[in-house]
């Protein structure tokens with residue numbers, strides 16, 4: 001029951017309650033689902049590994065940082081609970097995955113849910129492009145800005161102007177993914193998960209269940225015309241190719257793919273260059289100044305636009321500026337623990353063959369904890385696929401203010417499920433001690449801010 005409700009809850013957040021429940025949406029069905037899941041999850045919580053993961057501590061720390069940022073940054077004590085409720089449903093995804101998606105079969109079902117959400121939006125947007133925008137005499141989009149009437153008539157398309165001043169349309173979702181860049185980020189994270197269904201020596205099955213869906217997802221990325229998603233695909237190609245063909249050949253291949261994508265108008269006629277990104281670096285610089293003036297608790301979750309007129313367009317800077325170093329520290333704790341564990345599971349040198357569990361002889365042998373059988377090759381494969389998904393999230397996240405989205409915490413949960421399956425069978429070393437993890441997270445938080453500072457200094461010197 002808990003697993004089914006968790007999948008429904010996550011699907012509702014990606015496709016919106018209105019899409020899933022229709023006229024029942026005003027009754028806050030997603031909140032009812034969350035409470036029901038919490039109740040049925042209590043027995044699973046006692047048996048779960050979730051209390052042993054640093055990510056759980058990181059999420060509790062982020063909730064605290066969010067609360068303090070509203071109190072001291074926004075000076076809005078009464079709104080602290082309200083703002084926290086915006087963060088908690090996203091973080092909830094990590095706990096749901098760890099508690100209920102704790103097997104290979106359930107991980108595949110979770111991937112199917114993500115694939116369905118992407119296919120649904122791609123299909124709706126494609127139909128609108130083919131039969132709505134092209135052939136209708138309906139409401140025409142404005143030349144600039146958002147048009148509420150257009151949004152109602154074409155909820156899955158966003159009109160924009162290219163660098164040449166020509167109108168084009170970008171695919172988007174609803175709710176959490178109502179921006180083309182957000183939907184592009186989701187797709188690039190899901191593409192590697194389609195390969196969870198790959199089977200050796202099953203050519204026809206692989207084509208139907210893996211390659212064809214992956215092709216549809218790539219077409220979806222193209223329809224978003226997201227420059228960040230394109231860069232993420234290039235980075236994922238390098239990360240995937242370097243193991244098989246080497247670093248230099250994979251970089252050359254990435255260059256060819258980039259040129260081909262630009263020739264196919266992948267970005268909708270918008271350039272990718274230092275000049276086209278100058279506005280974004282100016283925003284990063286302003287966000288860094290906000291961090292300097294509000295270093296500890298930030299300016300409050302969602303409060304950055306009140307200071308610089310716009311969000312940071314960078315996941316690191318939006319976290320640092322809005323939650324201060326306290327929030328950035330706990331976010332870095334989640335990121336470090338997740339990246340460290342996924343790299344461990346992806347490395348053949350770090351994973352050994354499973355150790356058989358032998359029961360002791362005697363009239364009353366001790367109970368043995370049931371674990372799902374999984375071999376070294378499968379652990380490495382799952383680790384590599386999740387690594388690629390995280391690469392997609394991090395590259396797109398460098399250009400988006402999406403530090404606290406469901407997808408990030410969901411991927412973190414999937415990483416820990418795989419790590420725990422390997423750990424229970426003695427295939428991998430235990431997680432780092434909490435003391436070492438906390439110190440490394442502190443170093444990562446400082447390094448991220450220093451990286452942004454050095455990058456901005458280099459950009460300023462080049463001008």
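The single residue among 69, 103 that is in contact (Cβ under 8 Å) with a residue 60 or more places away in the chain and surrounded by fewer than 16 Cβ atoms within 10 Å (Cβ to Cβ) turns out to be 103.
Here is the figure for the stretch 194-215: residues that are surrounded by fewer than 17 Cβ atoms within 10 Å (Cβ to Cβ) and either part of a helix (DSSP H, G or I) or under 23 Å from the mean Cα position of the chain (by Cα) (or both) total 10. Considering only the stretch 431-450, state which residues are assigned to a helix (DSSP H, G or I) and in contact (Cβ under 8 Å) with a residue 60 or more places away in the chain. Residues satisfying the conditions are 434, 437, 438, 440, 441, 442, 444, 445, 448, 449.
Within the stretch 318-337, residues that are at positive phi and buried (at least 24 other Cβ atoms within 10 Å of the Cβ) have Cβ atoms under 9 Å from residues that are assigned to a helix (DSSP H, G or I) and modelled with pLDDT under 95 in these pairs: 324/65; 324/68; 324/69; 324/72; 324/73; 324/291, counting only partners at least 6 apart in sequence or on another chain. Of note, residue 434 does not satisfy the criterion of being more than 14 Å from residue 350 (Cβ to Cβ), surrounded by fewer than 19 Cβ atoms within 10 Å (Cβ to Cβ), modelled with pLDDT under 95 and within 22 Å of the chain's Cα centre (by Cα).
Filtering the stretch 83-101 for residues that are outside any helix (DSSP H, G or I), in contact with a helix residue (DSSP H, G or I) (Cβ under 8 Å, 6 or more places away or on another chain) and more than 18 Å from residue 333 (Cα to Cα) leaves a non-empty set. On the stretch given as the stretch 140-166, residues that are at pLDDT below 80 and in a strand (DSSP E or B) total 1. Restricting the first member to the stretch 38-59 and to residues that are in contact (Cβ under 8 Å) with a residue 24 or more places away in the chain and on the phi < 0 side of the Ramachandran plot, and the second to residues that are assigned to a loop (DSSP other than H, G, I, E, B) and buried (at least 18 other Cβ atoms within 10 Å of the Cβ), the beta-carbon pairs closer than 9 Å and six or more apart or on different chains are 41/48; 44/102; 48/102; 49/102; 52/431; 53/431; 54/431.
To keep it simple, each residue is scored yes or no on (1) closer than 19 Å to residue 54 by Cβ; (2) in a helix (DSSP H, G or I).
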| site | (1), (2) |
| --- | --- |
| 312 | no, no |
| 321 | no, yes |
| 330 | yes, yes |
| 335 | yes, yes |
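Screening residue 75 against (1) modelled with pLDDT under 90; (2) assigned to a helix (DSSP H, G or I); (3) more than 20 Å from the chain's Cα centre (by Cα) leaves a single unmet condition, (2).
Just one of (1) in contact with a helix residue (DSSP H, G or I) (Cβ under 8 Å, 6 or more places away or on another chain); (2) modelled with pLDDT of 85 or more fails for residue 255. It is (1). Scanning the stretch 221-259 for residues that are within 18 Å of residue 399 (Cα to Cα), in a helix (DSSP H, G or I) and in contact with a strand residue (DSSP E or B) (Cβ under 8 Å, 6 or more places away or on another chain) yields a single hit, 224.
The values are calculated or read from the model by the stated rules, or taken from the named source; none is laboratory data. Predicted, not measured: the structure shown is a model, and the values here were computed from it. Methodologically, a virtual Cβ is constructed for each residue, glycine included, from the backbone with ideal geometry; neighbour enumeration extends over all protein chains shown.
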